[in-house]
Amino acid sequence: MTTSVRINDEFYLEAKSQAKAELRSIPNQIEYWARIGKTALENPELSIEAIKSLLLSKHQESEPFEFRDGQ
């Protein structure tokens with residue numbers, strides 16, 4: 001589901017510039033900023049760098065674990 005929201009032109013242009021630099025779409029850039037802000041508000045003890053690392057690790061694909069029995 002998508003929803004349209006109004007933002008001011010200055011914020012849009014900042015998002016556009018940052019999105020291009022980070023290879024994201026403008027909506028994905030704004031969502032990324034929103035996730036960082038939400039996480040920061042919920043976890044004031046964490047640094048922004050820690051939050052960025054947590055979000056990155058949460059969204060990275062990982063290889064499934066395979067148990068090997070020593071054979």
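Looking across region 38-59, just one residue is over 17 Å from Glu22 (Cβ atoms), surrounded by 12 or more Cβ atoms within 10 Å (Cβ to Cβ) and either of a type in the set (Ser, Thr, Tyr) or in contact with a strand residue (DSSP E or B) (Cβ under 8 Å, 6 or more places away or on another chain) (or both), and that is Thr39. Which residues, taken from region 1-15, are surrounded by 13 or more Cβ atoms within 10 Å (Cβ to Cβ) and either over 15 Å from the mean Cα position of the chain (by Cα) or of a type outside the set (Gly, Ala, Ser) (or both)? Hits for region 1-15 are Tyr12, Glu14. Of all residues in region 20-46, exactly one satisfies the criterion of being among the hydroxyl-bearing types (Ser, Thr, Tyr) and over 16 Å from Ile7 (Cα atoms), namely Thr39.
Ala15 fulfils the conditions (1) modelled with pLDDT under 95; (2) assigned to a helix (DSSP H, G or I) except for a single criterion, (1).
It is to be established whether one or more residues within region 29-51 are hydroxyl-bearing (Ser, Thr, Tyr), over 12 Å from the mean Cα position of the chain (by Cα) and assigned to a helix (DSSP H, G or I). So far as region 29-51 goes, no, none of its residues is hydroxyl-bearing (Ser, Thr, Tyr), over 12 Å from the mean Cα position of the chain (by Cα) and assigned to a helix (DSSP H, G or I). Say whether the condition of being modelled with pLDDT of 85 or more and not in a loop (DSSP other than H, G, I, E, B) is met by at least one residue in region 59-68. Checking region 59-68: not a single residue is modelled with pLDDT of 85 or more and not in a loop (DSSP other than H, G, I, E, B).
The values are calculated or read from the model by the stated rules, or taken from the named source; none is laboratory data. Everything quoted here is computed from the prediction, not taken from an experiment. Here the Cβ is made from the backbone with ideal geometry for all residues, glycine too, and neighbour counts use every protein chain on show.
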